Amino acid sequence: MSIFPSVILNSRLNFTQLFNHKYCVLCLAPGHQAICHACLQDLPGLPPAHCPSCLLPTPSSEICGTCLRNPPAWNHIRAALRYTFPVDALVQALKYRADLPLAPVLANLLLTRLQGDSLPDYIIPVPLHPDRLRERGFNQALEISRYLSKQTGCRLLPAACIRTRRTPSQTELPLKKRLQNVRNAFSCGRDFSGKRVAIVDDVMTSGSTLNELAGVIRRQGAAEVYAWAVARAFPGKPFSGTKTDLPENLPKNQTAGKIT
């Protein structure tokens with residue numbers, strides 16, 4: 001049984017207050033970490049046996065048939081956790097409730113998974129279309145990337161790539177249409193010849209968005225492309241990622257925090 005109480009979805013919970021008072025955002029235990037050790041141990045990880053190219057479960061840890069037939073454009077991929085409770089609630093609070101203090105928390109979870117890996121030369125967040133950025137007010141992938149860059153020393157290139165088409169949300173489309181939805185959706189004018197580039201997103205669902213962006217960067221000469229995501233969603237998850245699917249009692253912050 002999970003140790004996570006329903007407090008994370010309590011409408012009275014205010015993430016900014018939790019950070020100021022040094023409480024665990026998941027169980028309210030006092031301490032000096034945003035997520036206490038007990039909650040960290042209970043977070044939903046990836047299955048021990050998974051495809052090293054797409055992270056989906058496999059009977060063994062060998063590359064799955066899909067990736068053998070259509071290898072992804074990235075060279076390496078990492079995801080910190082599985083996109084299920086309570087990770088999904090944290091991501092949704094950042095993305096849809098503008099709880100920006102959660103960005104470094106999610107970034108730290110990813111950093112733990114990156115320990116021992118070679119670092120890239122550049123970090124590029126998956127860009128939002130300008131219209132979507134104006135609506136939301138921020139890019140959650142960029143906020144996560146800011147902290148990753150600060151902690152690793154890798155140079156952040158927030159404007160190196162742009163989204164040229166406003167596409168429907170991937171979560172609103174069936175899996176088979178997601179690849180077509182993001183085709184030619186990104187543009188990059190920077191020369192990455194011989195460089196190692198990490199692209200960052202909050203959640204990887206089908207992988208189509210990361211794959212399309214990785215392909216664009218590879219065509220700009222990158223020697224290696226790393227795909228980094230805080231969480232990997234597995235097929236069959238009921239949550240569609242839209243605002244209407246958020247739990248009614250998901251915490252709401254009227255004033256967004258700022259990342260420094």
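Report the label-to-label distance for Thr84 and Gln151 in nanometres (one decimal), using points 7 Å from each Cα along the Cα→Cβ vector.
Distance between the two pseudo-spin positions: 2.4 nm.
Given 0.36 nm per residue, what is the gain on full extension from Ala38 to Thr66 after removing their alpha carbon distance, in nm? Could the numbers behind the result be given before it?
Working: separation 28, 0.36 × 28 = 10.08 nm, distance 3.64 nm.
That pair, Ala38 and Thr66, stretches by 6.4 nm at full extension.
In region 46-245, with Lys and Arg counted as +1 and Asp and Glu as -1 at Cβ, which of these residues, Cys188, Asn211, Asn75, has the Cα nearest the positive end of the dipole, that is, farthest along it?
My answer, from the dipole projection, is Cys188.
All of the numbers you see were taken from the coordinates with simple rules; none came from a lab. These numbers were taken from a predicted model, which means no experiment stands behind them. Virtual Cβ from ideal backbone geometry, glycine too; neighbours counted across all protein chains shown.
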